Every structure is written in C-alpha cells, then in structure tokens.
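To start, the structure itself, in structure tokens.
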Amino acid sequence: MAISDAFRAPYLAQGLPPQRFQVIPTGVDCSLYSPVTGDERRRLRARLNIPEQALAVVFVGGIRWRKGVDRLLDVWEALRPERSRHLLLLVGPHDLIDDQDDVAGYVSSLRDRLAKSSWGGSVRMTGRVDNVHEYLQAADLFLFLSRKEGLGNVIIEAMACGLPCLVSPLDGIASELIDAGRSGLIVDPDHPEIVAAEVRRVLGDQEERRRMGQRAR
C-alpha cells in the first residue's frame, strides 16, 4: 500500500503484480477542514490579523528548499504585489532538521531577500502553528510549488476548505489530486511570470475562485 501513485513504478520494476499495488491517500477531517463564509470568515481574518479586503495566498509546509518556498517568492515578485491589497502567508516551521537541506541557511537567505525587497512587507512567515485549518479557511488561494513530494496532504486539506489550488506538476500532487481547470491549476514553477499571471487572474475573478473551491471541496 502507498499514499499515492507516485510510489508505483519502483515496485512494479521489482516484479510486484500491478493488481497488488493499492493506493490509499492520507485521510483529512472534512469537518475541521471546511469552508467558512460571511461573518465567520471576517471574524477569523480579524483574529489572524489578515485585512478583510486583502487577497490572501497561502502556502503550508516546512520552510525548506524541497518545498520550493524560493519559487513562491519568485512568483510573488513577478506578481508585483500591492502591500495594502496582496498578502502571501507562509505557514509552517522553519526550524526543522533535514538531512537533504541546509534549513537554517535557506531560511536566512529567504529572510534576507524579503528584507532587501520592495515587496517583502506583503509576505508573512508565521512559523509553526496549531491552527493550520484557520489559515486555509481565511485565504483566497493555495499555492504549492514543491520540488519533491510523496503526497501533498496539505493540498487535500486546502481543497477540503474550498480553496482553488495552484500546484507544481509533480507525481503525487498534480493530476492525482487536481482536476486541472476545474478544481485548480497545474503550473510550471520554472516560469514565475506565467505562474504569477495565473495567480493574478484567479485572484481577480471571485466567481471563478468560488466555482473552483466548490469543485475542490
């Protein structure tokens, strides 16, 4: 058994009969991860210090190279955000131990980039939180440009909250989870200008966000 089809190929290469390979994705509590609207959403935004009229894009995950957080900043810079109108929320720990990544050096380089930029004030790094679902419920769009995943469980959580999702074209997180053009978009993170244009387009169309979010849920 595996959590996504991304794991299938090496097992079949070793001779496992295809019918014995079963995919069982990780479960999500759809009563906790659920959409909120109206007054409830306004109260939630106020509690999280997210301006009521802001267009909020959220990422959830460890702040590390493998998760592609630098790619998110590339897209955000290309978006040319307005500080009073756009907000990028990077929700997740930046103190993890990772044998593959120099996490401390990576986080330091991101902070330095934000400090030197004219748009850094529109980016918020929350650190580790216990209320991930609330950040998803308060956001307008989920952006996930990871370089390597088995299954992007946070994508399923975002979808359960009724968020349209823009994700990188990886096995385990792209077509396996996203119905492209209906519940979200699969985008090429090597072209941040194009991704930024898609982000801006979706943020600018409230009705499309609503439809995508309903299909995602």
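The values are calculated or read from the model by the stated rules, or taken from the named source; none is laboratory data. All of these numbers come straight from a predicted model, not from anything done at the bench. All Cβ positions, even for glycine, are placed from backbone atoms using ideal geometry, and neighbour counts span all protein chains on display. Heads up: the accessible areas ignore ligands, DNA and RNA and are worked out on the full protein's heavy atoms, side chains in. Shrake-Rupley method; radii C 1.70, N 1.55, O 1.52, S 1.80 Å.
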Unmet criterion (only one of (1) part of a loop (DSSP other than H, G, I, E, B); (2) touching a residue at least 24 places away in the same chain (Cβ under 8 Å); (3) open to solvent by 20 Å² or more (accessible area, probe 1.4 Å)) for Ser146: (3)
Any hit, the stretch 153-168, residues being within 15 Å of the chain's Cα centre (by Cα), touching a residue at least 60 places away in the same chain (Cβ under 8 Å), buried (at least 24 other Cβ atoms within 10 Å of the Cβ) and farther than 11 Å from Phe59 by Cα: yes
All positions within the stretch 1-25 that are open to solvent by less than 60 Å² (accessible area, probe 1.4 Å), under 19 Å from Glu176 (Cβ atoms) and of a type outside the set (A, V, I, L, M): Ser4, Phe21
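Right, Gly121: in contact with an Asp or Glu (Cβ under 9 Å, 6 or more places away or on another chain) and either hydroxyl-bearing (Ser, Thr, Tyr) or over 29 Å from Met1 (Cβ atoms) (or both) or not?
Details: in contact with an Asp or Glu (Cβ under 9 Å, 6 or more places away or on another chain): no; either hydroxyl-bearing (Ser, Thr, Tyr) or over 29 Å from Met1 (Cβ atoms) (or both): yes.
In short, no.
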Residue in the stretch 27-50 that is touching a Phe, Trp or Tyr at 6+ places or on another chain (Cβ under 7 Å) and in contact (Cβ under 8 Å) with a residue 12 or more places away in the chain present: yes
Close pairs from the stretch 174-197: first within 20 Å of Ala6 (Cβ to Cβ) and of a type in the set (Gly, Ala, Ser), partner assigned to a helix (DSSP H, G or I) and open to solvent by 60 Å² or more (accessible area, probe 1.4 Å), Cβ under 9 Å, at least 6 apart: Ser183/Gln214; Ser183/Arg215; Gly184/Arg215
Test: Pro192 is at pLDDT 95 or above and touching a Lys or Arg at 6+ places or on another chain (Cβ under 6 Å): no
